[in-house]
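Below is one structure; the comments refer to it alone.
The values are calculated or read from the model by the stated rules, or taken from the named source; none is laboratory data. Computed from a predicted structure; not experimentally measured. FYI the Cβ positions are ideal-geometry reconstructions off the backbone, even for glycines, and counts take in every protein chain you see.
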Amino acid sequence: MTTTPASGPRPCTDPAAKHRTRFFDHRIPSLYAGRYEINNRQTLKGIDGADHDIDATPQPFDVIEPRFSIDPAGINARFPVPDATGTYSQILPHINLDAPGLPWNRPLVAGAPKDQEGVPWMALLLFREDELPEDPDAVGLVTTGTVCELLAPSLNPDEPGLGPGKPPELPEESLREEEYEEQCATILVPAPLFDKIKPLPVEMGYLAHLREGGPPDATLADDDPPPPDEEQLNAIVVANRFPAAAGGRHVVHLVSLEGFDECLNAPAPAEGVRLVSLTSWAFTTLPDSGIGFGDLAQHLATTDGETPRDTQELRLRLPVGAPPSPNAEQREALDRMAGGAVALPQRLETGERTVAFHRGPLTAQPAHDLPDPDSNPSTTDVRLESPGEALIYLEKYGVFDTAYGAAFTAGRLLALSDNEFRTALLEFRSAARSAVRRLACHPQLADSMVTARQLTAPLAFEAFDRMLLDDAGARFTRAVNQAGPQLRAGLRRTATAARQSRTAADVRALVSQPGIATLLTQAAQDEFTPVSDWLDRLRQLEMLGFEHLVPDMDPATDPDSRMLPTESIRFAYVDAGWVRAAVDGALSVGVGHALDADLNQLATTGGPVPACAVLIRSALVPNWPQTIITAYTGTGVVEPLRSTVYGTDIRLLLYPQVIDRFELAEPPRGICFGISDVGTIQLRQISGDCIGYPKEGPAGEFPQPAGFGRFLRPGDADVLNVYGSGDALVPALNQAHGAQLSSAQFALQMLNAPQVQTFSYRP
């Protein structure tokens, strides 16, 4: 298997997904929350012909919506989840609210112009340790009290209120009497900190949107898409700040900015601001090493982030530089090494020392087909019986290829070291020998509905037992009493049928007859099953030391390897001949005579032998154990026969057929917002029939060159410059799309989908 990457890491989007997600800009209510009054006037015409106005009594009414607190049961989800620990420095926290209109149920500024209707009155603010004076450990401490206590300083400057910091300036007429007694949670935000992280009103409109999930009947943006499903709508509010790359504890507050509109466009008061915290949660982010899933996956596939690694580099072989004009001997050595072999010292049985080629079952090129052991049906003894038979002598060069001899020895040593397998193998042969000899004595049984028990049961013992039990032992008594006189009289029992004598050659020939193999394995099923199961594990390369798979590497003594260096991926074929030689080696244990060797034939067929393998040696293995690994042949998914981890950072995957595409996908984490490990986002379609699908090619990666630092506000607060002065993100995205993005379209661009790295077969 040789591969090269099709592209760099990209967000993973499955077009065949059976669930849809749609984004909408906002939910503006027909009537904002607040206090209202209905005034009626009737005009009556008097008898004098003049109009007379009659004013009815004003009818006040209130539109009541949450203002100083929200019901915790109305929170659908939060990301990162409360008390989570992970690497979140590239993620913008967000909260998912069940009430779709909650962020827009009241205006940020009373009487705001029509173009500010989409600006919510709440925002999600992220704080780090030692930033909030009343919560230095960022665990979510708040100061609680009544709304009356909170607003007291705005009515009387001498009132202490709930603590230092300017409270919100809310019109007194907008408050209901019962609201003054409501409990609320507040936080003190120092003026310098508030000015660094506060969102501008125009940015607040981009940091909130609606999300709808539902059945896949609206995945296409046709001319008449279905209306939103009210049962599936949620409001999403996103923070404008990234957690610290250095790690540490963080706390997120969903705050009300009602009454602070002047502070959003001008410097905050020197005493700071006291904000109402509608809800909060805390999490811990780990230090960001600067190397994430995307970086590691991209390094496996490319040399510099863009240039795909050479096809030959991704083969499991020893990289060897060839001389400019190799001679025949050098060419032979280079060809064998290109196939995955290494040159090792060898001592012959005669005591001579030489050099031999050695490799394991994994090859960089398809192995040559070996003679089919079943091609000559007249021959029954065609399996290897010793490692010497498996040596390949290159007479022209005077050296050996020891690959198959080493395979035979490896299988034999594994069998000798496993007491349970040895015992099961010997018991299987014993039971099978008994069955085949009984068949040889009674050949007519081979064509009858004979059972396994009839072939293996000790029939003489059973006949004697029946005689003891018949007629309460009377039959046995008669036989004993009559035996003496009959013998003295010279009487003998005449056999009903003479058994046909069979030679050893006849018995061996019987094993090769069609259907006999199945009959024998059924006859010795209890003994045969553990043998075949063990051999199936060997066929899938279990129990083999890693030095057999990668011959220049022994993790126990020498972790360095040029065939499989650190942070690498290698593709290989599996040599079925090597596996067959290992099986022969295992079955060579305890062979006493030719019939035992013939019975080994019964165990040589079993489960599938892998056709190809993938070896990954990377920090992806321990750090992302839930990585989604998918292999394809054409458009079909190929499931691995085996997936296992060696040590801490090496994963082996074996497949039943040669694959032509291989994907490493970051584990799913639900919908969240942020940037990729390589400092980019994937631009997504905002119109047409593929809304939300990633744009393909280099134009889909934003920005170019990679690096999101240009879109952060000055300073070290890691606050996203969504639509402020300088190099702002939304104008840059507008330019990239050639259109003015709405808040829903902006959210679509900021989706931080799991990344995927694809390797494609190239002959």
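Things worth noting here:
- Filtering the range 142-163 to residues that are modelled with pLDDT of 80 or more and among the polar types (S, T, N, Q) leaves THR143, THR144, THR146.
- Across the range 334-367, the number of residues qualifying as in contact (Cβ under 8 Å) with a residue 40 or more places away in the chain and of a type in the set (D, E, K, R) comes to 2.
- Scanning the range 231-251 for residues that are outside any strand (DSSP E or B) and either out of contact with any Leu (no Cβ under 8 Å at 6 or more places or on another chain) or not polar (S, T, N, Q) (or both) yields GLU231, GLN232, ALA239, PHE242, PRO243, ALA244, ALA245, ALA246, GLY247.
- Here GLN330 does not qualify as surrounded by fewer than 19 Cβ atoms within 10 Å (Cβ to Cβ), closer than 15 Å to PRO551 by Cβ and modelled with pLDDT of 80 or more.
- Residues in the range 743-755 include none that are exposed (fewer than 14 other Cβ atoms within 10 Å of the Cβ) and among the small types (Gly, Ala, Ser).
- Taken over the range 31-59, residues that are modelled with pLDDT under 85, assigned to a loop (DSSP other than H, G, I, E, B) and within 30 Å of TRP104 (Cβ to Cβ) amount to 3.
- The range 384-435 - residue that is more than 17 Å from VAL579 (Cβ to Cβ) and of a type in the set (S, T, N, Q) and, of those, modelled with the lowest pLDDT: SER434
- For first residues located in the range 709-732 and free of Cβ contacts under 8 Å to residues at least 24 places away in the same chain, partners that are in a helix (DSSP H, G or I) and charged (D, E, K, R) and lie 6+ apart or on another chain with Cβ distances below 8 Å form the pairs ASP727/ARG710.
- Residue check, LEU615 closer than 14 Å to LEU316 by Cα, touching a strand residue (DSSP E or B) at 6+ places or on another chain (Cβ under 9 Å) and either of a type in the set (S, T, N, Q) or outside any strand (DSSP E or B) (or both): no
- ALA297 within 30 Å of LEU126 (Cβ to Cβ) and touching a helix residue (DSSP H, G or I) at 6+ places or on another chain (Cβ under 8 Å): yes
- Selection of first residues in the range 604-618 that are among the hydroxyl-bearing types (Ser, Thr, Tyr) and of second residues that are part of a strand (DSSP E or B), restricted to Cβ pairs under 9 Å at least 6 apart or on distinct chains, gives the following pairs, ordered by first then second residue: SER618/SER568; SER618/ILE569; SER618/ILE650; SER618/ARG651.
- Every residue from the range 529-542 that is hydrophobic (A, V, I, L, M, F, W, C), out of contact with any strand residue (DSSP E or B) (no Cβ under 7 Å at 6 or more places or on another chain) and at pLDDT 90 or above: TRP534, LEU535, LEU538
- Condition check for PHE662 on (1) surrounded by fewer than 17 Cβ atoms within 10 Å (Cβ to Cβ); (2) under 15 Å from the mean Cα position of the chain (by Cα); (3) within 19 Å of THR758 (Cβ to Cβ): one failure, at (1).
Residue by residue, here is whether (1) hydrophobic (A, V, I, L, M, F, W, C); (2) part of a loop (DSSP other than H, G, I, E, B); (3) in contact with a strand residue (DSSP E or B) (Cβ under 8 Å, 6 or more places away or on another chain) holds:
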residue: GLN601; (1), (2), (3): no, no, no
residue: LEU653; (1), (2), (3): yes, no, yes
residue: GLU663; (1), (2), (3): no, no, yes
residue: PRO667; (1), (2), (3): no, yes, yes
residue: ASP677; (1), (2), (3): no, yes, yes
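- Any chance ALA282 is assigned by TED's automatic domain parsing to the domain that holds GLN90, modelled with pLDDT of 85 or more, within 30 Å of ILE628 (Cα to Cα) and not in a helix (DSSP H, G or I): yes
- Among residues of the range 394-414 that are closer than 15 Å to LEU348 by Cβ, those with a Cβ under 8 angstrom from a residue that is crowded, with 21+ Cβ neighbours inside 10 Å and among the aliphatic types (A, V, I, L, M), sequence gap 6+ or separate chain, pair up as VAL399/ALA356; PHE400/ALA356; ASP401/ALA341; ASP401/ALA356; THR402/ALA356; GLY405/ALA390; GLY405/ALA581.
- Candidates GLY674, GLY590, GLY585 - the one that is surrounded by 15 or more Cβ atoms within 10 Å (Cβ to Cβ), at pLDDT below 95 and on the phi > 0 side of the Ramachandran plot: GLY674
- Search result, residues across the range 383-441 that are farther than 21 Å from ASP596 by Cα and either among the β-branched types (Val, Ile, Thr) or outside the structural domain of ALA333 (by TED's automatic domain parsing) (or both): ILE392, VAL399, THR402
- Within the range 36-72, no residue satisfies the criterion of being touching a residue at least 24 places away in the same chain (Cβ under 8 Å), out of contact with any strand residue (DSSP E or B) (no Cβ under 8 Å at 6 or more places or on another chain) and loosely packed, with under 13 Cβ neighbours inside 10 Å.
- Summed over the range 584-630, residues that are of a type in the set (S, T, N, Q) and under 20 Å from ALA431 (Cα atoms) total 5.
- The range 679-693: number of residues that are surrounded by fewer than 20 Cβ atoms within 10 Å (Cβ to Cβ) and assigned to a strand (DSSP E or B): 0
- Output for the range 100-120, where each listed residue is of a type in the set (A, V, I, L, M) and part of a helix (DSSP H, G or I): LEU102
- Per the conditions (1) among the hydroxyl-bearing types (Ser, Thr, Tyr); (2) in contact (Cβ under 8 Å) with a residue 24 or more places away in the chain; (3) farther than 30 Å from ASN734 by Cα, the sole criterion not satisfied by TYR206 is (3).
- Flag if ALA582 is outside any helix (DSSP H, G or I), under 28 Å from VAL342 (Cβ atoms) and of a type outside the set (Asp, Glu): no
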